[in-house]
Amino acid sequence: MVIDYKDIHDFDQKELQDLFLSVEWSSGHFPEKLVVAMKNFETVYTAWDGDKLVGLICAMDDGVMTAYVHYLLVRPEYHHQGIGKRLVELIKERYADYLRIVVVAYNEELDFYQSSGFKKADDASAMFITSLWT
């Protein structure tokens, strides 16, 4: 299997919906919003197995100092094949001149992100306000 990595922002609703629902993320129920969101992100890298979207990472940035990884997801049947690591590497390459790349990681994701070079903050916690539409 050969995975192709692309820098694109235009998606079909079904591609995004299938990917997001494959990892049970509620945003997959709003594919029309995901299409718009992908167009608005500064950086979007994707992983493809033929014409099947199997992974995605996207980031927002301030143009010079800080980039925020918003989404990183890989279809479960493609886990442990290095796809997530490669997507993170693409982000690290893109933002190599920035002072900081920030990611909010859930506890079960900490090992992955730490193995990718991120360090857990000792003096900070992620905080959220979740919209009613989720």
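The values are calculated or read from the model by the stated rules, or taken from the named source; none is laboratory data. Small disclaimer: the values here were computed from a predicted structure and weren't measured. Quick reminder, even Gly has a Cβ in these numbers, built from the backbone with ideal geometry, and neighbours come from all protein chains shown. Just the protein is used for accessible areas: all its heavy atoms, side chains included, with ligands, DNA and RNA removed. Shrake-Rupley method; radii C 1.70, N 1.55, O 1.52, S 1.80 Å.
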- Quick one: with all protein chains in place, what share of the accessible area of the chain is carbon or sulfur, to the nearest percent (1.4 Å probe)? 51 percent
- Message: Greater than 28 Å separation of Cα atoms is the criterion. Which listed pairs, Lys52/Lys119; Lys33/Lys119; Lys39/Lys85, meet it?
- Response: Lys52/Lys119; Lys33/Lys119
- Task: Give me the accessible area per residue for region 5-134, probe 1.4 Å, as a whole number in Å².
- Result: 63 Å²
- Note on the structure: Here the FRET efficiency for Thr66 versus Met1, based on Cβ atoms and R0 = 30 Å and rounded to 0.05, is 0.30
- Query: Once label points are set 7 Å from the Cα along Cα→Cβ at both His29 and Lys119, what is their separation, rounded to one decimal in nm?
  - Reply: 4.0 nm
- Item | Net length gained if the chain between Asn40 and Glu109 were fully extended (0.36 nm per residue, minus Cα distance) | 22.3 nm
- Note on the structure: Hull volume per residue for region 34-126, using the convex hull of the C-alpha atoms, in Å³ is 115 Å³
- In debye, nearest 20, what is the charge dipole magnitude of the chain about its Cα centre with +1 on Lys and Arg Cβ and -1 on Asp and Glu Cβ, if you could check? 100 debye
- Task: Would you work out which of Trp25, Gly82, Tyr5 lies farthest towards the positive end of the dipole of the chain? Charges go on Cβ: Lys and Arg +1, Asp and Glu -1.
- Result: Gly82
